[in-house]
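What follows is a short report on a single structure.
The values are calculated or read from the model by the stated rules, or taken from the named source; none is laboratory data. Bear in mind that the values here come from a model prediction, so they are computed numbers and not experimental data. For neighbour counting, all protein chains shown are included, and Cβ atoms are generated from backbone atoms with ideal geometry for every residue, glycine included.
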Amino acid sequence: MVKALKFLIPSALLAAAIFFACTKADDTLTTDEAIDQALYTVQERGGLGSYGCYELIFPVTIQLPNNTTVEVNSYEEIAQQLRNYFQTVGRPKRGAHHAFSFVYPISVTNANGEIIVVESEAQLRQLRAECKGTFEHHGHQGHGQHGAACFEFVFPITIVFPDGTTAQADNQRAMRQIIHTWKRNNPASTERPTVAFPVQVKMRRTGEIITVNNADELAALKNGCQ
C-alpha cells in the first residue's frame with residue numbers, strides 16, 4: 001500500500017502541474033484575439049460596421065487602454081495601434097479590459113446616406129438602441145477581418161445640407177471637417193446632411209466598386225453586409 005502511494009504522489013503532482021500550466025495559458029489571449037475582441041466591443045456598443053447600422057467616417061481619434069490618444073484613418077490602423085499597445089504591455093489577459101474608446105465628436109453614416117455627428121458616448125449608445133443590427137448572431141472571433149466595416153466611400157463625393165446647399169469632399173478628412181463645421185454652425189438642427197446620389201462605394205471584403213443610385217440601394221447594400 002505504501003509502495004503504491006509512492007507512485008501515486010508523483011503522478012498526482014505531475015497532473016496538478018499540467019493542470020495549473022494549462023490554466024495559466026488559458027488566462028491569456030493571443031494578440032489577434034484581443035484585437036478582435038476590442039474592435040467587436042466598441043462596434044457592438046455603437047452599432048458600427050458590417051453587423052451594425054452605421055459606418056464610421058475616418059479619420060477618428062481613439063484613446064487606448066493606457067489613456068494615450070492617436071488619430072487613425074482606418075480599422076486596419078486601429079488594429080495596428082492595438083498591436084503596438086499589446087507589444088508594450090505584454091500578452092493580454094483573458095477577461096481584462098482591452099477596449100479602446102473614441103475621442104468625440106465622431107461622424108457616422110446610416111443606411112439612408114445620412115451623416116450623423118456623434119458628440120458623446122451616450123449619443124452613440126442611443127444610436128445603437130435605434131439600430132436593429134445582428135451583433136447577437138456574431139461573436140468577436142475574426143471580427144477584424146469579417147465585421148469591421150462594410151464599405152467605404154469613393155471620393156470625391158458631394159454632401160447635401162438640409163437647406164439644399166452642397167459641398168464637395170475630396171477625401172475622408174475633408175468630409176469629416178465639412179460635417180463637423182456644419183454641426184458647430186447648426187447645433188440645434190434636427191435634420192441631417194446626406195451624401196448626394198449617385199455615389200460610389202468600395203466593398204471592404206471584395207474590393208468591388210459599386211455605384212449606388214439612391215438611399216434604397218444603399219440600405220439594401222448595407223443590410224446585405226450582415
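Of note:
- Counting only strands (runs of 3 or more DSSP E) that fall entirely inside segment 123-178 and contain at least 2 residues that are farther than 14 Å from C225 by Cα and modelled with pLDDT of 95 or more, the qualifying elements are 157-160, 166-169.
- Residue within segment 70-82 that is at pLDDT 95 or above, closer than 17 Å to M175 by Cβ, out of contact with any Ser or Thr (no Cβ under 6 Å at 6 or more places or on another chain) and part of a strand (DSSP E or B) present: yes
- For segment 191-221, the tally of residues that are free of Cβ contacts under 8 Å to residues at least 24 places away in the same chain, not in a strand (DSSP E or B) and not hydrophobic (A, V, I, L, M, F, W, C) stands at 8.
- Filter result for V201 (closer than 18 Å to Y75 by Cβ, of a type outside the set (S, T, Y) and at pLDDT 85 or above): yes
- Sole exception among (1) surrounded by 14 or more Cβ atoms within 10 Å (Cβ to Cβ); (2) part of a loop (DSSP other than H, G, I, E, B); (3) out of contact with any helix residue (DSSP H, G or I) (no Cβ under 9 Å at 6 or more places or on another chain); (4) among the hydrophobic types (A, V, I, L, M, F, W, C) for A188, by number: (1)
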